[in-house]
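Report on the following structure.
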Amino acid sequence: MKVPVTVTVNGQVYQREVEPRLLLVHFIREVLGLTGTHVGCDTSQCGACVVLMDGKAVKSCTVFAVQADGAQITTIEGLARNGQLHPLQEGFWEMHGLQCGFCTPGMILAAYDLLQRNPNPTDEEIRHALEGNYCRCTGYHNIVRAVRYAAEKLRVQA
Amino acid sequence: MATRYFGVAMKRREDPRFITGRGTYVDDLALPGLVYAAMVRSPHAHARIKAIHKEKALQHPGVIAVFTGKDMVDSGVKSLPCGWLLPGMKLPPHYPMAVDKVRHVGEIVAVVIAQDRYTAEDAAELVEVEYEPLPAVADGAKALQPGAPAVHDEAPDNVCFRWSIGDREKTDEAFRRAHRTVKVELVNQRLIPNAIEPRAAMAQYNPATDEYTLWVTSQNPHVHRLLLAAFVLGIPEHKLRVISPDVGGGFGSKIFVYPEETIVTWATKQVGRPVKWTARRRESFVSDAHGRDHITEAELAVDEKGKILGMRVKTIANLGAYLSTFAPAIPTYLYGTLLSGQYEIPTIYCEVTGVFTHTTPVDAYRGAGRPEATYVVERLMDVMARELGEDPAEFRRKNFIPPDKFPYQTPVALQYDSGNYEGALNKALEVIRYKELRQQQEELRKQGRYIGIGFSCYIEACGIAPSQVVGSLGAQAGLWESALVRVHPTGKVTVYTGSHTHGQGHETAFAQIVADELGIPIEDVEIIHGDTGSVPFGMGTYGSRSAPVGGSAIVLSLQKIKEKARKIAAHLLEAAEEDVVFEDGKFYVKGVPDRFKTFQEVALQAYLAHNYPPGLEPGLEASSFYDPKNFTFPFGTHIAVVDVDPETGKVKILRYVAVDDAGRIINPLIAEGQVHGGIAQGIGQALLEGAVYDENAQLLSASLLDYALPRADDLPSFEIDHTVTPCPHNPLGVKGIGETGTIAATAAVVNAVMDALTPFGIRHIDMPLTPEKIWRAIREARAA
């Protein structure tokens, strides 16, 4: 049994028939072929699969595709606009906030959610906001600097 | 040569693809007709397989095939090999899927191939396996007790090997005449690597050409190809191409040849379709090779002046149920040989018993033997300093190998090439403001606050070499590295390196070396790795070998390129070869810099070969295989400052200072990032992580809910500094930096916590130092 869903991903409308149990992350990766969103744990701890759903960070391994029916999704592929990197992407690059890159898309989108709520976070607030995203490579040191870089840049732009 | 890139903190060239979601990891790949594999795994730690019923699974819609271990063995598949052999060691077979018995939770008993991921998982539940459960043992010491259940018939006492290094009699004698001795019993707990990208493998067979392609999360694709082809599957080596694309972290766990890639490579031919498997995190927990798991008794002896006389170490190393690819090397040659640390120790004796248990195999995990050694040495140094009433920094300083004694021959085989241990210690003490900190500690204690300062003065041996030596120690491989440098007619350069990057930034750091040496813009350099179809046989990346061994191989090839280019340039300039200077990408006759040929002009002529030196072959490329003369020996001092809350037992890291010496640094941004990540894993072991098996050898900590990886809010920001003592024997003067943090941090943090707990008279608590353990220790100490 398949059910129809309509999901807008990075501004593009997709209509597909899916199994009700299909996870949003598999919908994004395998049905739409957008492989920037990663699966690290499939039990909602690691945060590699974070996307924005109607502007808020969700772990897409814990959302069914059918729950995203009618929603606006932003994945890492949709963050840069007109070839211009988002300040968070820029920050991760400038500050060496990534090594293997696997956690990076989820980390960036979780940080995006934080900066929407709190445009001027302290280091402690950044660390707290990212506790649902594991990184095994960086020790988080440069991730904190990357988010701070983006926060400053976004404040200047605003 | 004008240095333009070497030493510059360039941001990484690989990052644009990762920050925009355009990386390519194995699970991102798809092929027409792709089908998926799901593994049926044993829920028992030890059981006889009485029967496996495939029927229900085969009837499930969408299922293509179900295979068992017997199917594989019947078709000629052999045991997974072990790549390091010790004298007298027991080597029981390790088939990709269990044939008669299962020996650890998570061992594969069958594979289901189905049209999609979900169907494969559904049908795996329908495979009925009849087990006869047998008694199991998880703990290394218990496995050695008489009557313990045997893991293999080949080793009824569960002993895989007994190994020793050093002089036993001389060491016993040193202890007999010692002024003071101390003894500690240490558990170096089992860790689970948890790279954030789960392991994955996808294989395709082309019956028309009889060729296989395997995409796999590997730190060393050529090693994968050799072992799979020649030892396990019987595929001619040139008919198997192994590609390891972007890999999401390894930390050792992606070195080894595992059952899963073996199964998909075999199964793709059986089903005539490409097959993919990607681990779920729970599978990672039970099937990725684990790390550490030592039980150790260690003793240190000193004379009246507090100078060390000798060290004695006895270790039980839990190897798990089977020997993983390099398992025997880790608790022996990468452990016992490091026990001299930074110190002048006249005599050392170490014996190690390698033990089979009903647990997931144990192998190299970041640091691999060296963190275990450093933990032993640095705990002993602290316990002895406290016993003598000496400052831990000064006790270490007094026993350092002085800078004028290099090269220094330790009593445990290694010859350290260089070092300035006091330099790193002094710098770390200065950064942390040690004297003030001790005063502050005193004052805070009066207020009932307990901060602690912990040291770790570590030595690392990395870039393990030379091949002849490792071969004599049991390695079944050479430990050199390859590099092919191909200059194209336009002067653009492609470098094929046998090293593999899974986060280390080779595409940037190696390109920095190439651009400097050839005097060309870094944009003109491309670094290719991870494909046996294009890269010369390479040994891959582990043991912090990429820069010292892989980087040096590139330098050798660049030298050959420059030599040949100089011949061509001399011809074009109508000058004698020895009069031609190469500088900033230009060849010119000595003293006449205005008349020159650019590197690009020379490259073009190498391919035109019109106006060309007689007898010289056209083309401009060179390959090299670099076999190092020795290990490299990074060292440093790390200091942790912690605050222990006596009411809750919670540890907060207030400061963490790392002063490392990895020789010349190619890219400080990347090098510091490596140190940060290493420290995080070391702190993880000290405070948070640990595999927990119950008495039936069930893994209780088999999810990220139950196994505590360090999170952003568990860690501080780090204060990083370095000293520079170049490696004297490789062309770049570099050492490894990838494991230093992990090697150093664990001991620094534990020593800091024990320092904080000194007023309670607490001498040692085994890791991880969870609030509960500390709280209990304080309560018991207060009651006593």
Per-residue mean of C-beta atoms belonging to partner chains within 10 Å, peptide B:672-681:
5
Please give the Cα centre distance for the stretch A:99-158 versus the stretch B:53-102, rounded to the nearest Å.
44
Positive-pole candidate from B:Pro16, B:Asn220, B:Ala124, dipole of chain B, charges at beta carbon:
B:Asn220
For peptide B:9-15, what's the mean number of Cβ atoms from other chains within 10 Å of each residue's Cβ?
4
Sorted by packing (mean other beta-carbon atoms within 10 Å per residue), highest first, where do A:30-36, B:142-148, B:257-263 land?
B:257-263, A:30-36, B:142-148
Which of the peptides B:590-599, B:108-117 is most tightly packed, and how do the rest follow, going by the mean number of other Cβ atoms within 10 Å of each residue?
B:108-117, B:590-599
Need one number: % antiparallel among DSSP beta bridges in the protein assembly as shown, to the nearest 5.
80
Using the beta-carbon distance between B:Glu578 and B:Ala609 and R0 = 30 Å, what value does 1/(1 + (r/R0)^6) give for FRET efficiency, to the nearest 0.05?
0.85
So what's the gap between the Cα centers of the stretch B:325-361 and the stretch B:525-549, to the nearest angstrom?
28
Determine the distance separating the Cα centre of the stretch B:571-614 from the Cα centre of the stretch B:443-473; give it in Å without decimals.
51
Can you compute the modelled spin-label distance between B:Lys560 and B:Arg776, with each label point 7 Å from Cα toward Cβ, in nm?
6.0
Could you pull out the trypsin sites (Lys or Arg not before Pro) across the stretch B:13-72 that fall in loop regions by DSSP (anything but H, G, I, E, B) with no more than 16 other Cβ atoms inside 10 Å?
B:Arg22
Nearest-0.05 FRET efficiency for A:Asp54 and A:Asn118 at R0 = 22 Å, using Cβ-Cβ distance, is 0.70
Please state the shape class of chain B: rounded when a/c is under 1.5, otherwise prolate if a/b exceeds b/c and oblate if not, all from the C-alpha gyration tensor.
oblate
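Bear in mind these aren't lab numbers, they're just calculated from the coordinates by the rules spelled out. Just so we're clear, the structure is a prediction, and the values are computed from it rather than from any experiment. When we count neighbours, we look across all protein chains shown, and the Cβ atoms used for this are built from the backbone with ideal geometry, even at glycine.
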